[in-house]
Amino acid sequence: MVTTSGQTHEYESTGAGTRVAFGDMNEPGCYVCNWSGHLLRVPEDAIKPGRSPLLSIMGTEPLFVTKLSNDPYIAVSRARLIAADLDVAVNF
């Protein structure tokens, strides 16, 4: 459940709105990059230990993502609606 502007929105994903550092993502799901607005689809296989390729983005400051859904394959239109409810800028 996410509350914005006094309204309550129910999502099938319990993690919608969670903001984490890119390197700390440890759950599969659909995320939006806070620095670019790009959509990230993170399937379960991508976060299992020992899987490759491992993606790492290095910089002088942490890069954050916002979780939109537990489902990495959520429809783009639905992802955009959730991002809009969370006031997260998108570029997808």
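Pairs are defined by a Cβ separation below 7 Å, a sequence spacing of at least 6 or placement on different chains, a first member in the stretch 64-83 that is free of Cβ contacts under 8 Å to residues at least 24 places away in the same chain and farther than 20 Å from D45 by Cβ, and a second member that is assigned to a helix (DSSP H, G or I) and of a type in the set (V, I, T); no pair meets this definition.
Tally the residues that are on the phi < 0 side of the Ramachandran plot, out of contact with any Leu (no Cβ under 7 Å at 6 or more places or on another chain) and assigned to a loop (DSSP other than H, G, I, E, B), restricting the search to the stretch 41-58.
From the stretch 41-58, those on the phi < 0 side of the Ramachandran plot are 41-49, 51-58; that's our starting set.
Next, only the ones that are out of contact with any Leu (no Cβ under 7 Å at 6 or more places or on another chain) stay: 41-49, 51-56, 58.
Filter once more, keeping what is assigned to a loop (DSSP other than H, G, I, E, B): 43, 48-49, 51-56, 58.
Residues in the stretch 41-58 being on the phi < 0 side of the Ramachandran plot, out of contact with any Leu (no Cβ under 7 Å at 6 or more places or on another chain) and assigned to a loop (DSSP other than H, G, I, E, B): 10 in total.
Among the numbered conditions (1) at pLDDT 85 or above; (2) assigned to a loop (DSSP other than H, G, I, E, B); (3) within 17 Å of N91 (Cβ to Cβ), the only one that N26 does not meet is (3).
What about I74, is it modelled with pLDDT of 95 or more, assigned to a loop (DSSP other than H, G, I, E, B) and farther than 13 Å from L86 by Cβ? Judged against the criteria, I74 is a match. When the stretch 64-81 is filtered for residues that are more than 11 Å from Y31 (Cβ to Cβ) and among the hydrophobic types (A, V, I, L, M, F, W, C), the ones remaining, listed by number, are A75, V76, L81. Considered as a group, the residues in the stretch 1-21 that are modelled with pLDDT of 90 or more and not small (G, A, S) include one that is surrounded by the fewest Cβ atoms within 10 Å (Cβ to Cβ), and that residue is R19. Applying the set (1) basic (K, R); (2) surrounded by fewer than 18 Cβ atoms within 10 Å (Cβ to Cβ); (3) at pLDDT 90 or above to K67 leaves exactly one unmet item: (2).
Cβ separations smaller than 6 Å between residues 6+ apart or across chains give the following pairs from the stretch 24-41 residues that are buried (at least 19 other Cβ atoms within 10 Å of the Cβ) to residues that are among the basic types (K, R) and part of a strand (DSSP E or B): G29/K67; C30/R41; Y31/K67.
The values are calculated or read from the model by the stated rules, or taken from the named source; none is laboratory data. Note that this is a predicted model, so its numbers are computed, not measured. Quick reminder, even Gly has a Cβ in these numbers, built from the backbone with ideal geometry, and neighbours come from all protein chains shown.
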